[in-house]
Amino acid sequence: MTASVMHLLDSLESRLEQAQSELQSLRNENAQLKQQLVEQAVTLQKTLDEPSVSAQEALAPEAAPTTPEPNAAEQVVPEPADPPQAQEAQEEVAPQAPVVEQPSPHSLLKEWYQRYPQAFFKGHTKPLKIGIHQDLTAREPWSGKLIRRTLANYVNLPRYLKSVREGVDRIDLDGQPAGKVDKEASMHASDKRHEKQAKGQLKGAQEVAKIDPKNETEQKVDAPKKNKPSNDVHSEAKKNEPQKPLSLEDKLKGLQQKFEVR
């Protein structure tokens with residue numbers, strides 16, 4: 001017990017001596033800093049006390065040598081013409097920085113196929129992470145509008161819409177997993193794909209109609225016939241019916257009617 005107390009006292013004494021030495025060194029540094037501040041103050045005061053050349057000239061303007069004012073004829077002195085080299089230097093225009101023309105969304109997408117082969121595919125496609133346009137904005141030198149338009153061209157492709165299925169992993173620009181496709185995104189992609197298919201079928205039917213105008217002309221010609229009133233149809237049918245031969249009684253009745261009229 002006594003040994004531990006003595007050891008503790010020795011450690012405290014050593015710490016006290018160390019603290020005193022550090023305090024003494026801090027005092028010495030403080031004294032040096034004070035001395036430096038005093039010297040800087042003295043130097044600054046000397047600088048402020050010395051009169052400047054402009055102030056001396058303002059106090060004694062009469063000491064400045066007077067120059068005679070030139071006559072009116074002497075004032076109009078033609079300036080020397082600039083040498084040809086100086087004129088050429090003035091005419092030279094500073095070269096402007098080359099203007100980088102923005103690519104079209106289609107051509108930029110072709111670049112992304114090569115620049116990010118783990119994210120953009122021409123064949124088997126994988127869904128991209130949500131907010132990938134922010135990653136592209138950080139890496140690409142183009143405007144956010146161009147990046148969004150290029151992304152819209154890619155994510156509206158039929159093969160991309162087909163790949164957006166519920167539970168499938170999304171990927172980032174390096175091909176690493178970045179979330180999964182939820183049910184809402186899968187349904188939205190499916191509706192969009194069906195809508196595109198319907199538009200494609202309608203467009204194909206319109207193109208077929210343009211290619212075969214004869215069929216359309218026949219339909220227009222047949223249309224008035226179908227829309228004729230029923231009376232005209234019956235009259236035409238009667239005209240087209242074969243006439244039956246008259247019987248002997250009908251002939252006699254006809255002759256009697258003729259004689260009665262006379």
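The values are calculated or read from the model by the stated rules, or taken from the named source; none is laboratory data. It should be emphasised that the depicted structure is a prediction, and the values quoted were computed from it without experimental measurement. Ideal geometry is used to build each Cβ from the backbone, glycine not excepted, and the neighbour counts take in all protein chains shown.
Structure above, values below:
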read-out: Those residues of the range 153-186 which are closer than 20 Å to Trp112 by Cα, free of Cβ contacts under 8 Å to residues at least 40 places away in the same chain and not in a loop (DSSP other than H, G, I, E, B), in sequence order; value: Val155, Pro158, Arg159, Tyr160, Leu161, Ser163, Pro177
read-out: Contacts under 7 angstrom Cβ, first residue in the range 103-127 being over 13 Å from Glu140 (Cβ atoms), partner of a type in the set (Phe, Trp, Tyr), 6 or more apart; value: Tyr113/Phe120; Lys122/Tyr113; Thr125/Tyr160
read-out: Any hit, the range 201-208, residues being exposed (fewer than 11 other Cβ atoms within 10 Å of the Cβ), more than 27 Å from Trp112 (Cα to Cα), among the small types (Gly, Ala, Ser) and at pLDDT below 95; value: yes
